[in-house]
Amino acid sequence: MSAPLLQVEDLSVHFTVGRGRAKQTVRAVDGVDLTLGAGETLGLVGESGCGKTTTGLAILRLVEPTAGRVTFDGTDVRGLSTRDLRRWRRRAAMIFQDPYASLDPRLPVGESIGEALDIHDLHQGTQARRARIGELLERCGLHPRVAGRYPHEFSGGQRQRIGIARALACEPDFIVCDEPIAALDVSIQAQVMNLLGELQSDLGLAYLFIAHDLAAVQHICDRIAVMYLGRVVEEAERLELYRSAQHPYTRALLSAIPIPDPVRERKRERIRLVGDVPSPIDPPSGCRFRTRCPEVFDACERIDPALQAVAGPDHTAACLLHGEVGTEVAH
């Protein structure tokens, strides 16, 4: 097998909040491992606050990791100097969740796209710059003449297309898609997903596709990693995960996906989780999911489970139901 395009090993991002004796540590991301191949889409799924977006930001060093290693095409991203980091960012981009907040309201949308061309010196003269901006807009389903308009003149779906055009400006190999359809109407979501699929097919892009529900990633992802409270708790090939989820949290997420057949919807068993997600400031001992897990047992309090192969080498889960593999915690 060829080397992966992106390798994330034991990535952690901790934030300090408060002062003096009230100072505490928020473990937003706490030991995440991910692998992504060229031209592949990896879905990163979990509830709000589980650390998905922070993981994406840390991979791009838009927030600095506390620990861990990020290797991109053989390059140690964490070890890059400011100058080398700017050069590397030609190969990596981000599509943000909120198309209303991610564009500067004071700039025509063409200028927002053109900024990347200017920073990386990717055009030769005004005419070439204008032509490239028009090409990017057209590729994302918008007419080049809209380049002179301002963000408030566009719908949410159109703004997200502009955000995608901006992400493509530097001809990246890898894009972090941070819930790119979450703020859009349902009727527009499929259009944006189809556009992302077409661009990937045409340009060979690799995506880290962040979403808060498994339904959103059902058709675009090759593999899916499920996060809970700062950690990946299950990872598998897409069809394998939907067919044979092994972690109780993944099964609960799958049971929340609506089924269009009303007869099947009434008959199927729903898994309802009790309680709230614990605070990342003070996560539970042992398994972090144990306070809400419908299948919890005694060992879950004293052993912090590690990811292990559960249904083949490419399907892993961090759950003691598949054997006591993990770290014993002191009481």
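The values are calculated or read from the model by the stated rules, or taken from the named source; none is laboratory data. Keep in mind that what you see is a predicted model, and the values were worked out from it rather than measured. Virtual Cβ from ideal backbone geometry, glycine too; neighbours counted across all protein chains shown.
Residues of the stretch 112-129 that are over 27 Å from the mean Cα position of the chain (by Cα) and not hydroxyl-bearing (Ser, Thr, Tyr): ASP118, ASP121, LEU122, HIS123, GLN124, GLY125, GLN127, ALA128, ARG129.
What about ALA128, is it in contact with a helix residue (DSSP H, G or I) (Cβ under 6 Å, 6 or more places away or on another chain), outside the structural domain of ILE224 (by TED's automatic domain parsing) and not in a loop (DSSP other than H, G, I, E, B)? Steps first, please.
On the way: in contact with a helix residue (DSSP H, G or I) (Cβ under 6 Å, 6 or more places away or on another chain): no; outside the structural domain of ILE224 (by TED's automatic domain parsing): yes; not in a loop (DSSP other than H, G, I, E, B): yes.
Answer is no for this residue.
Would you point out the residue of the stretch 30-78, among those that are among the β-branched types (Val, Ile, Thr) and free of Cβ contacts under 8 Å to residues at least 40 places away in the same chain, that is nearest to ARG231 (Cα to Cα)? Selected residue: THR35. Search the stretch 250-273 for residues that are in the same structural domain as ARG292 (by TED's automatic domain parsing) and within 25 Å of SER48 (Cα to Cα) and pair each with any residue that is part of a helix (DSSP H, G or I) and acidic (Asp, Glu) when their beta-carbon atoms are under 6 Å apart and the residues are at least 6 apart or on different chains. Within 6 Å, the pairs are ILE259/GLU265. Residues that are surrounded by fewer than 15 Cβ atoms within 10 Å (Cβ to Cβ) and small (Gly, Ala, Ser) within the stretch 19-35 comprise GLY20, ALA22, listed in sequence order. Annotation: of all residues in the stretch 36-74 being part of a loop (DSSP other than H, G, I, E, B) and loosely packed, with under 15 Cβ neighbours inside 10 Å, the one that is nearest to the chain's Cα centre (by Cα) is SER48.
Among residues of the stretch 301-313 that are free of Cβ contacts under 8 Å to residues at least 60 places away in the same chain and farther than 14 Å from VAL232 by Cβ, those with a beta-carbon under 9 Å from a residue that is among the hydroxyl-bearing types (Ser, Thr, Tyr) and assigned to a loop (DSSP other than H, G, I, E, B) at least six positions away or on a different chain give the pairs GLU301/SER285; ARG302/SER285. Screening GLY51, GLY74, GLY79 for residues that are within 20 Å of ALA236 (Cα to Cα) and not β-branched (Val, Ile, Thr) leaves exactly one candidate, GLY51. If you check ALA215 against the conditions, is it buried (at least 24 other Cβ atoms within 10 Å of the Cβ) and either aromatic (Phe, Trp, Tyr) or touching a residue at least 40 places away in the same chain (Cβ under 8 Å) (or both)? Answer is no for this residue. Look at ARG159 and say whether it is basic (Lys, Arg), under 27 Å from SER48 (Cα atoms) and surrounded by 23 or more Cβ atoms within 10 Å (Cβ to Cβ). Against the criterion (basic (Lys, Arg), under 27 Å from SER48 (Cα atoms) and surrounded by 23 or more Cβ atoms within 10 Å (Cβ to Cβ)), ARG159 does not qualify.
Consider the stretch 283-313 and keep the residues that are closer than 19 Å to ARG251 by Cβ and surrounded by fewer than 18 Cβ atoms within 10 Å (Cβ to Cβ). The one that is farthest from the chain's Cα centre (by Cα) is PHE297.
Residue by residue, here is whether (1) basic (Lys, Arg); (2) farther than 27 Å from ASP173 by Cα holds:
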{"site": "PRO4", "(1), (2)": "no, no"}
{"site": "GLY18", "(1), (2)": "no, yes"}
{"site": "ARG27", "(1), (2)": "yes, yes"}
{"site": "ASP33", "(1), (2)": "no, no"}
{"site": "LEU36", "(1), (2)": "no, no"}
{"site": "THR41", "(1), (2)": "no, no"}
{"site": "ILE59", "(1), (2)": "no, no"}
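Only a single criterion out of (1) outside the structural domain of VAL26 (by TED's automatic domain parsing); (2) within 22 Å of TYR207 (Cβ to Cβ); (3) not hydrophobic (A, V, I, L, M, F, W, C) is not satisfied by ARG61, namely (1). If you filter the stretch 75-109 down to residues that are in a loop (DSSP other than H, G, I, E, B), buried (at least 16 other Cβ atoms within 10 Å of the Cβ) and of a type in the set (A, V, I, L, M, F, W, C), you find that the one that is farthest from the chain's Cα centre (by Cα) is LEU80. Just one of the listed residues (ARG268, ARG290, ARG264) is out of contact with any Lys or Arg (no Cβ under 9 Å at 6 or more places or on another chain) and closer than 30 Å to ALA22 by Cβ, namely ARG290.
Have a look at LEU203, LEU239, LEU195 and point out the one that is more than 15 Å from the chain's Cα centre (by Cα), more than 25 Å from ALA28 (Cα to Cα) and modelled with pLDDT under 95.
LEU239
Scanning the stretch 183-198 for any residue that is of a type outside the set (Gly, Ala, Ser) and in a loop (DSSP other than H, G, I, E, B) turns up at least one such residue.
Quick check, is THR16 surrounded by fewer than 16 Cβ atoms within 10 Å (Cβ to Cβ), of a type outside the set (Lys, Arg) and not in a loop (DSSP other than H, G, I, E, B)? Yes, satisfied.
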